[in-house]
Amino acid sequence: MTKDEKMIGAVDIGGTKIAAGIVDGAGKVLAKQETATEAARAYADGLRHLVRMLHEAAQTANTELSGIGIGSTGWVYPSTGEFGDVDFLPGWKSCNPVNDLAREFGVRVALENDGDAAARGEAAWGAGKGKPRLIYVTVGTGIGGGIILDEQLYRGANKAHPEVGHHVIDASGPECTCGFRGCWEALATGPAMAAWFNTKAHGVDPQTKSLTAKEIFQRAEQGHALAREAVAREAYYLGLGLANLINLFVPDRIVLGGSIMKSMRLEDLRKVIAQGCRFVPFEQTELALASLGEDANLIGAAQVWHHRFGQSST
């Protein structure tokens, strides 16, 4: 480590697990710890786990923290450091981990939505590097992302994070948790794909074992007819949502991450996009797989700190 290199404590808060680690100035995770989100539902418990994990990760990496970056799923307020209405952590509403961690560690702390954090990470250290107009989309149990226009993270009114997963692509589609029907997230996630397949399969044979999206992709590779139909449906709805983003923003590149993208073929998505983007130069929008791997959110959280307070090494 050079004298001027910043070692950032990074925190990734998700619906299943909370991770904390140390990320160096090149975007490499040096050490990390994890705990179940269930163990952090009370804010005091969550803060205690964050402090413990950051201390343990720093000890493992044999370093001191220069700052802390936080990325969290859900509604957060980057400018104040407070949590809004995050459905899986209701006890955190109006709490301020930015102030509390700054007080505990004596460093500056930055907070962003995790989709925005991952977008910053991919833009600085990953598949979006050098692209001034970038959209990051992650497709797994939900659909999230972040939008960077002219190298600036796009924010809405009151610095709100845009929910790319909740634009409607089929108004007669399944109900979504947001209140509408047929949102992108209700049609193109792993659980949505599995729900469609399993409903069809159980209609033929009620004793059929329910499959996950990963297992459906595997069955499709083996030639299973209904599984192949499910994969084609997934590609259509995923491609349709991407086409909407291209029509709206015409970005230089869309970076795609999440568990679904481990099995989805980009060429299938490009075919769908080509059907409905004829009034914009859609060929100029590149599709690329996210490159930061399983630690993308941690790495992104560190880049949030660099962008807010430090000189990033991009």
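The values are calculated or read from the model by the stated rules, or taken from the named source; none is laboratory data. Since the model is a prediction, treat every value here as computed from it, not as a measurement. Heads up, the Cβs are rebuilt from the backbone with ideal geometry, glycines too, and the neighbour counts pull from every protein chain shown. Calculation scope for accessible area: heavy atoms of the full protein, side chains included, ligands and nucleic acids excluded. Shrake-Rupley method; radii C 1.70, N 1.55, O 1.52, S 1.80 Å.
Using a Gaussian network model on the chain with a 10 Å cutoff between Cα atoms, which of Ala230, Ala20, Ala290 fluctuates the most? Among Ala230, Ala20, Ala290, the largest GNM mean-square fluctuation belongs to Ala230.
For the residues Glu104, Glu64, Glu286, Glu185, a 1.4 Å probe over the protein chains yields an accessible-area ranking, largest first, of Glu64, Glu104, Glu286, Glu185. Mind checking region 257-307 for chymotrypsin sites (Phe, Trp or Tyr not before Pro) that DSSP puts in a loop (not H, G, I, E or B) and that have at most 15 other Cβ atoms within 10 Å? In loop regions of region 257-307 (DSSP not H, G, I, E or B), the sparsely surrounded chymotrypsin sites (Phe, Trp or Tyr not before Pro) are Phe279.
Estimated from helices alone, the mean residue ellipticity of the chain at 222 nm is -12000 deg cm²/dmol (sum of -39500 (n - 2.57) over DSSP H runs with n ≥ 4, per residue). For the chain, what proportion of DSSP beta bridges, expressed in % and rounded to the nearest 5, is antiparallel? Just about 55 percent of them are antiparallel. Pairs of Lys residues in the chain that lie 8 or more places apart, or on two chains, and have C-alpha atoms under 15 angstrom apart add up to 4. Near Gly69, the amide H atoms lying under 5 Å from its own belong to Gly9, Ala10, Val11, Ala110; only residues 5 or more places off or on other chains count, and H is placed 1.01 Å from N. Computing volume of the Cα convex hull per residue in Å³ for the structure here picks out one of [x] 156; [y] 135; [z] 144, namely [z]. Charged neighbours of Gly15, selected by a Cβ distance under 12 Å, balance to -2 (K, R count +1; D, E count -1).
Glu151 contributes about 120 Å² of solvent-accessible surface, heavy atoms of the protein only, 1.4 Å probe.
Between Arg228 and Glu215, the simple spin-label model (points 7 angstrom out along Cα→Cβ) gives 2.1 nm. When the residues Cys277, Cys176 are ordered by accessible surface, computed with a 1.4 Å probe over the protein chains alone, the sequence from largest down reads Cys176, Cys277.
Exposed loop positions in the chain were taken to be trypsin sites (Lys or Arg not before Pro) whose DSSP state is not H, G, I, E or B and which have at most 11 other beta-carbon atoms within 10 angstrom. Between these positions, the longest stretch is 4-208. When the surface is traced with a 1.4 Å probe over the full set of protein chains, Thr63 keeps roughly 30 Å² accessible. Across region 165-179, the residues whose backbone nitrogen lies under 20 Å from the label position 7 Å along the beta-carbon direction of Val280 are 165-171. Among the chymotrypsin sites (Phe, Trp or Tyr not before Pro) in region 59-113, those placed in a DSSP loop whose Cβ has at most 16 other Cβ atoms within 10 Å are Trp75, Phe88. To put it simply, the accessible area of the chain at a 1.4 Å probe is 49 percent carbon and sulfur. Between Ala171 and Ala36, the contour length at 0.36 nm per residue exceeds the alpha carbon distance by 45.1 nm. Other residues whose C-beta falls under 12 angstrom from the C-beta of Ala192 contribute a net charge of -3, scoring Lys and Arg +1 and Asp and Glu -1. Counting charges near Leu65 (Lys, Arg +1; Asp, Glu -1) among other residues having Cβ under 13 Å from its Cβ returns a value of -3.
If you wrap a convex hull around the alpha carbons of region 1-112, what volume per residue comes out, as a whole number of Å³?
Here the figure is 90 Å³ per residue.
Helix 266-276 and the long axis of the chain differ in direction by around 70°, with both axes built from C-alpha atoms. Restricting region 3-41 to GluC sites (Glu not before Pro) that sit in a DSSP loop and have at most 13 other Cβ atoms within 10 Å of their own Cβ leaves Glu5. Accessible surface computed residue by residue for the chain, with neighbouring protein chains in place and a 1.4 Å probe, gives 47 Å² per residue. With R₀ fixed at 25 Å, the C-beta to C-beta distance from Glu267 to Glu294 puts the FRET efficiency at about 0.50.
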